[in-house]
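Note sheet for the following structure.
The values are calculated or read from the model by the stated rules, or taken from the named source; none is laboratory data. Only a predicted model underlies this, so the values are computations on that prediction, with no experimental measurement involved. Every residue, glycine among them, receives a Cβ derived from its backbone with ideal geometry; neighbour counts consider all protein chains shown.
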Amino acid sequence: MRWSDWKPIYESIVDEFGYDRGRELASMKAGAAASEHSAKVLKGSGAMDELRNRISDGCVVTGGAGTLEMEMLALGKIMFWRDAAVVASDGSCETLDKMGLVPDVIVTDLDGNIEVERRMNRDGALIVVHFHGDNYERASSFISSLEGNAIVTTQAGQTKHTFNFGGFTDGDRAVLLCEEFGARKIMLAGFDYSRTIETGGNSKLKLSKLGFAKRIIEDASRRGVNISYPSRESNESHAGL
């Protein structure tokens, strides 16, 4: 998605959630600096080529709902999805790790288990680290600690060494990333917009973010991306469709 298309949506997110515009701009500068000064961060055509190589026509985007493990096991029985690229939101990485799975790509703003994400990156997962107003100090430190390749995305825009493919939460950013690099069929495993399994924190705020994420994903569907969920796919497979 072009920044010119995403910017009005981004502005509405900033207004709705009351984000500090000064910190948002600071995060963009921090992301650019982290990208420019780290040999592990892919930039320009190198980053684009790596994403094209990893993202296929069919992608499984994983979310942090409690149904993720069951749904991933169900997808393993459907031939098409056995060869799909796995693009993980950070909230899903612990479950994937317990299952012995290393995703092709991790999309993270570092709200999940960063030690698991760091290890998955070392083991071959490309990690897309998102800088925003609430995390850019932590994100800068995290980038400097990586052993594998990374790509930096920034929320308030894009710079010479960073990207912005659109999206708000890790899950819908992962969907838009897959769309950007040619995926026409995306399975959402471990997605539940109606509840959060987090304890502590502001669950009402989290649910508001999930509602916004759902709208972004529905917009991608209206643009022609085939988006589905494992329960429906499994039923169709068993029906011989």
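Could you tell me how many of the residues in the stretch 27-84 are among the polar types (S, T, N, Q) and over 20 Å from residue 154 (Cβ atoms)? Walk me through how you get there before you give the answer.
Taking the stretch 27-84 as the starting set, the residues that turn out to be among the polar types (S, T, N, Q) are 27, 35, 38, 45, 53, 56, 62, 67.
Still in the list and also over 20 Å from residue 154 (Cβ atoms): 53, 56, 62, 67.
Number satisfying all stated conditions: 4.
Kindly indicate which of 74, 34, 39 is more than 24 Å from residue 221 (Cβ to Cβ) and in a helix (DSSP H, G or I).
Details: 74 fails: more than 24 Å from residue 221 (Cβ to Cβ); 39 fails: in a helix (DSSP H, G or I).
Going through 74, 34, 39 in turn, just one is more than 24 Å from residue 221 (Cβ to Cβ) and in a helix (DSSP H, G or I): 34.
Has the stretch 138-146 got any residue that is surrounded by 24 or more Cβ atoms within 10 Å (Cβ to Cβ) and either in contact with a Cys (Cβ under 9 Å, 6 or more places away or on another chain) or outside any helix (DSSP H, G or I) (or both)?
no
Tell me, yes or no, whether the stretch 10-23 has at least one residue that is out of contact with any Asp or Glu (no Cβ under 6 Å at 6 or more places or on another chain), closer than 19 Å to residue 136 by Cβ, of a type in the set (A, V, I, L, M) and at pLDDT below 95. Spell out how you get there, then give the answer.
As a first pass, look at the stretch 10-23 and keep what is out of contact with any Asp or Glu (no Cβ under 6 Å at 6 or more places or on another chain): 10-23.
Still in the list and also closer than 19 Å to residue 136 by Cβ: 10, 13-14, 17-23.
Narrowing further to those that are of a type in the set (A, V, I, L, M): 13-14.
The next check asks that each one be at pLDDT below 95; those that pass are 13-14.
Yes, the stretch 10-23 contains a residue that is out of contact with any Asp or Glu (no Cβ under 6 Å at 6 or more places or on another chain), closer than 19 Å to residue 136 by Cβ, of a type in the set (A, V, I, L, M) and at pLDDT below 95.
Across the stretch 9-22, what is the total count of residues that are closer than 18 Å to residue 169 by Cβ, assigned to a helix (DSSP H, G or I) and not hydrophobic (A, V, I, L, M, F, W, C)? Before the answer, list the steps.
As a first pass, look at the stretch 9-22 and keep what is closer than 18 Å to residue 169 by Cβ: 9-19.
Subsequent filtering for residues that are assigned to a helix (DSSP H, G or I) retains 9-17.
Right, trim to not hydrophobic (A, V, I, L, M, F, W, C) and you get 10-12, 15-16.
Residues meeting the conditions: 5.
To keep it simple, each residue is scored yes or no on (1) in contact with a Lys or Arg (Cβ under 9 Å, 6 or more places away or on another chain); (2) exposed (fewer than 12 other Cβ atoms within 10 Å of the Cβ); (3) modelled with pLDDT under 95.
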| position | (1), (2), (3) |
| --- | --- |
| 188 | no, no, no |
| 192 | no, no, yes |
| 198 | yes, no, yes |
| 208 | no, no, yes |
| 230 | no, no, yes |
| 234 | yes, no, yes |
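For residues in the stretch 1-28 being farther than 26 Å from residue 206 by Cβ and free of Cβ contacts under 8 Å to residues at least 24 places away in the same chain, which is nearest to the chain's Cα centre (by Cα)?
Per the criteria, the residue is 2.
State all residues of the stretch 210-219 that are at pLDDT below 95 and aliphatic (A, V, I, L, M); if no residue qualifies, say none.
210, 213
For the stretch 157-168, check the following and say yes or no: at least one residue is buried (at least 23 other Cβ atoms within 10 Å of the Cβ) and of a type in the set (Gly, Ala, Ser).
Taking every residue of the stretch 157-168 in turn, at least one turns out to be buried (at least 23 other Cβ atoms within 10 Å of the Cβ) and of a type in the set (Gly, Ala, Ser).
Test each condition in (1) surrounded by 16 or more Cβ atoms within 10 Å (Cβ to Cβ); (2) more than 14 Å from residue 178 (Cβ to Cβ); (3) among the small types (Gly, Ala, Ser) for residue 66 and report the one that comes out false.
That leaves (1) as the condition not met.
Quick one: how many residues across the stretch 74-87 are of a type outside the set (Gly, Ala, Ser), in contact (Cβ under 8 Å) with a residue 12 or more places away in the chain and more than 20 Å from residue 51 (Cα to Cα)?
Quick first cut of the stretch 74-87, residues of a type outside the set (Gly, Ala, Ser) only: 75, 77-83, 86-87.
Restricting the remaining residues to those that are in contact (Cβ under 8 Å) with a residue 12 or more places away in the chain gives 75, 77-78, 80-81, 83, 86-87.
Still in the running and more than 20 Å from residue 51 (Cα to Cα): 75, 77-78, 80.
Of the residues in that region, 4 qualify.
Condition first: closer than 21 Å to residue 175 by Cβ and either free of Cβ contacts under 8 Å to residues at least 12 places away in the same chain or among the acidic types (Asp, Glu) (or both). Now tell me which residues in the stretch 88-119 satisfy that. Please lay out each step first, then the result.
Of all residues in the stretch 88-119, those closer than 21 Å to residue 175 by Cβ come to 88-96, 101-112, 117.
Answer for the stretch 88-119, where residues must be closer than 21 Å to residue 175 by Cβ and either free of Cβ contacts under 8 Å to residues at least 12 places away in the same chain or among the acidic types (Asp, Glu) (or both): 90, 94, 104, 109, 111, 117.
Hey, can you tell me all the residues within the stretch 89-137 that are in a helix (DSSP H, G or I), small (Gly, Ala, Ser) and closer than 18 Å to residue 54 by Cβ?
Of the residues in the stretch 89-137, the ones in a helix (DSSP H, G or I) are 90-98, 114-122, 136-137.
Now narrow it down to the ones that are small (Gly, Ala, Ser): 91-92.
Answer for the stretch 89-137, where residues must be in a helix (DSSP H, G or I), small (Gly, Ala, Ser) and closer than 18 Å to residue 54 by Cβ: just 92.
If a residue must be among the polar types (S, T, N, Q) and within 19 Å of residue 17 (Cα to Cα), how many such residues does the stretch 125-171 contain?
Just the residues of the stretch 125-171 that are among the polar types (S, T, N, Q), to begin with: 135, 140-141, 144-145, 149, 153-155, 158-159, 162, 164, 169.
Among the residues that remain, those that are also within 19 Å of residue 17 (Cα to Cα) are: 135, 154-155, 169.
Residues that pass the stated criteria total 4.
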